[in-house]
1. At q = 0.19 Å⁻¹, what log₁₀ I(q)/I(0) does a Debye calculation on the Cα points of segment 53-130 give, no solvent, two decimals?
2. Which FRET efficiency, nearest 0.05, do Gln38 and His91 yield, Cβ-Cβ r, R0 30 Å?
3. How large is the convex hull of the Cα atoms of the chain per residue, expressed in Å³ as a whole number?
4. As a test of the formula, what do you get for the chain when each DSSP H run with n ≥ 4 contributes -39,500 (n - 2.57) and the sum is divided by the residue count, at 222 nm and rounded to the nearest 500 deg cm²/dmol?
5. Glu45 versus Phe99, label points 7 Å from Cα toward the beta carbon: distance in nm?
6. With +1 on each Lys and Arg Cβ and -1 on each Asp and Glu Cβ, how big is the dipole of the chain about its Cα centre, in debye rounded to the nearest 20?
7. Checking the cross-link filter: which aspartates and glutamates have an alpha carbon closer than 18 Å to that of Lys61, excluding same-chain neighbours under 8 positions apart?
8. Provide the gained length on full extension for the span Met66 to Ile10, in nm with one decimal, where the gain is 0.36 nm per separating residue minus the Cα-Cα distance.
Amino acid sequence: MQMGTLNSLIGMLVPIVAIVFGIGVALWAIYWDYRGKQLKYRERELMIERGMTPPAIDSVKKPLTMEACLRRGLILLFLGMGFGAVTVISHYAGGSASFGALFATAACIVGFLGIGFLVYWAVARKTASR
């Protein structure tokens, strides 16, 4: 087999393997989530059969506290700033344009999520103090 043919074969297999592996991981996670719920309900059945009162199913998520929004906002903001720094360093170090574009996109998304959490925290703090 020639070297060019081998490289093109590897070039075709890498995305296929990545997609199959990604789908496999997603299906594995779905299965284990299903299995965990199945075991919880089986445990509840056994408790009821033995005359015990099972704990209530807590399906309602608790709302975010102001402290959690502040923490998440700061973490995401600084993570976005870190991605931005990687973009700048990559650009000046002569890195590839696609690498810089990827990190620039990630920096914008993560940074604006952090700013959103911080704005929510500031608004919630003002309304809570009234």
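Derivation of every value follows stated rules applied to the coordinates shown; laboratory data play no part. On a predicted model such as this, the values are computed, not experimentally measured, just so you know. No Cβ is skipped: glycine too gets one built from the backbone with ideal geometry, and neighbour counts run over all protein chains shown.
1. -0.79
2. On the way: r = 50 Å, r/R0 = 1.68.
Efficiency, rounded to the nearest 0.05: 0.05.
3. For the chain, the hull spanned by Cα atoms encloses 164 Å³ per residue.
4. Details: 3 runs with 107 residues, N = 130.
The helix contribution divided over the chain gives -30000 deg cm²/dmol.
5. In this crude label model, Glu45 to Phe99 measures out at 5.4 nm.
6. Details: 13 positive and 6 negative charges, 115 e Å.
Value, rounded to 20: 560 debye.
7. Once the sequence-local aspartates and glutamates are set aside, what remains near Lys61 is Asp33.
8. Working: separation 56, 0.36 × 56 = 20.16 nm, distance 5.01 nm.
This chain segment gains 15.2 nm when fully extended.
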